[in-house]
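Peer 1: A single structure is presented below for examination.
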Amino acid sequence: MSEPVPIHAEGIFTMGIDGGVWEDLIFEYLDKDHYYKNLLKDREGLLNELRTITGGNMQGFLDEETIKINGEIVRARVVDVSLGFRGGSFDKPYLEFYIYFKGNLKKGINKYEDYYEEEVAEYDYEIVWLFPPGFRIIEYEFAGEGSILGNGNILRLTVKKGLRVGNYESITFEVP
């Protein structure tokens, strides 16, 4: 039996006016052998798998990152995870992680930074940062293609499979 293969990911980061950031991270898989469907038949097995994915895998990756807001290290925590299937097809499961971290914002210029291990993207993914109305993105540093949208408070990034990513990313933004 083959393992599910990740084929796409999307991350939506929503920053609150208090500096709290909710991250909704979705990984889509191709699962021809129905690994995740078969777990649905065994509730305890499914719960154990989700605990492992949350605590061991995703939280482990987050713990290896250094996230800073205005120079202060903040810690990202996995709050929960859910399993679903696209279009009712058991070939296309997805895992959705709910992650939270919080930093201290100040009036004027602020900076989000993330340091993590460099790697080559194994699949396409997109990232969207949503800042509150009135906040303004000044500049950003990410691998891939990006654009500032809305009233300057939305950042959309696209990374293609095979691109070298990681090591450092940042967003400089202004708080009114």
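Peer 1: Looking only at the range 134-143, how many residues end up being free of Cβ contacts under 8 Å to residues at least 60 places away in the same chain, surrounded by 13 or more Cβ atoms within 10 Å (Cβ to Cβ) and not in a strand (DSSP E or B)?
Peer 2: So the answer is 2.
Peer 1: Hey, any hits in the range 41-57 for a residue that's in contact (Cβ under 8 Å) with a residue 12 or more places away in the chain, touching an Asp or Glu at 6+ places or on another chain (Cβ under 9 Å), within 16 Å of Tyr100 (Cβ to Cβ) and assigned to a helix (DSSP H, G or I)?
Peer 2: Yes, there is a match, as at least one residue in the range 41-57 is in contact (Cβ under 8 Å) with a residue 12 or more places away in the chain, touching an Asp or Glu at 6+ places or on another chain (Cβ under 9 Å), within 16 Å of Tyr100 (Cβ to Cβ) and assigned to a helix (DSSP H, G or I).
Peer 1: Could you figure out which of (1) among the small types (Gly, Ala, Ser); (2) surrounded by fewer than 18 Cβ atoms within 10 Å (Cβ to Cβ); (3) within 20 Å of Gln59 (Cα to Cα) isn't true of Gly103?
Peer 2: (2)
Peer 1: Only one of these conditions is not met by Thr54: (1) loosely packed, with under 14 Cβ neighbours inside 10 Å; (2) at pLDDT below 90. Which number is it?
Peer 2: Among (1) loosely packed, with under 14 Cβ neighbours inside 10 Å; (2) at pLDDT below 90, the lone unmet condition for Thr54 is (1).
Peer 1: Within the range 127-154, take every residue that is more than 24 Å from Asp63 (Cβ to Cβ) and charged (D, E, K, R) and give me the one that is nearest to the chain's Cα centre (by Cα).
Peer 2: Glu145
Peer 1: Scan the range 109-121 and give yes if some residue there is in a loop (DSSP other than H, G, I, E, B) and surrounded by fewer than 16 Cβ atoms within 10 Å (Cβ to Cβ), otherwise no.
Peer 2: Checked against the condition, which is being in a loop (DSSP other than H, G, I, E, B) and surrounded by fewer than 16 Cβ atoms within 10 Å (Cβ to Cβ), the range 109-121 yields at least one hit.
Peer 1: Here's another thing I want to ask about it. Considering every residue within the range 14-37, establish whether at least one is within 20 Å of the chain's Cα centre (by Cα), of a type in the set (Ser, Thr, Tyr) and under 30 Å from Ile109 (Cα atoms).
Peer 2: Scanning the range 14-37 turns up at least one residue that is within 20 Å of the chain's Cα centre (by Cα), of a type in the set (Ser, Thr, Tyr) and under 30 Å from Ile109 (Cα atoms).
Peer 1: For the range 144-171, how many residues are assigned to a loop (DSSP other than H, G, I, E, B) and under 21 Å from Met15 (Cβ atoms)?
Peer 2: Residues flagged as assigned to a loop (DSSP other than H, G, I, E, B) and under 21 Å from Met15 (Cβ atoms) within the range 144-171 amount to 6.
Peer 1: I need the full set of residues from the range 15-42 which are at pLDDT 95 or above and among the acidic types (Asp, Glu), in order please.
Peer 2: Once the filter is applied, which keeps residues that are at pLDDT 95 or above and among the acidic types (Asp, Glu), the range 15-42 yields Asp18, Glu23, Asp24, Glu28.
Peer 1: Based on this model, can you work out whether Phe61 counts as in a strand (DSSP E or B), within 16 Å of the chain's Cα centre (by Cα) and not basic (Lys, Arg)?
Peer 2: Here the answer is no, as Phe61 does not meet what is asked.
Peer 1: Follow-up. Which of the residues that make up the range 64-89 are polar (S, T, N, Q), assigned to a loop (DSSP other than H, G, I, E, B) and either in contact with a Leu (Cβ under 7 Å, 6 or more places away or on another chain) or modelled with pLDDT of 95 or more (or both)?
Peer 2: Residue satisfying the conditions is Asn70 alone.
The values are calculated or read from the model by the stated rules, or taken from the named source; none is laboratory data. All values reported here derive from a predicted model rather than from experimental measurement. Don't worry about glycine lacking a Cβ; one is built from the backbone with ideal geometry, like all the others, and counts go over all protein chains shown.
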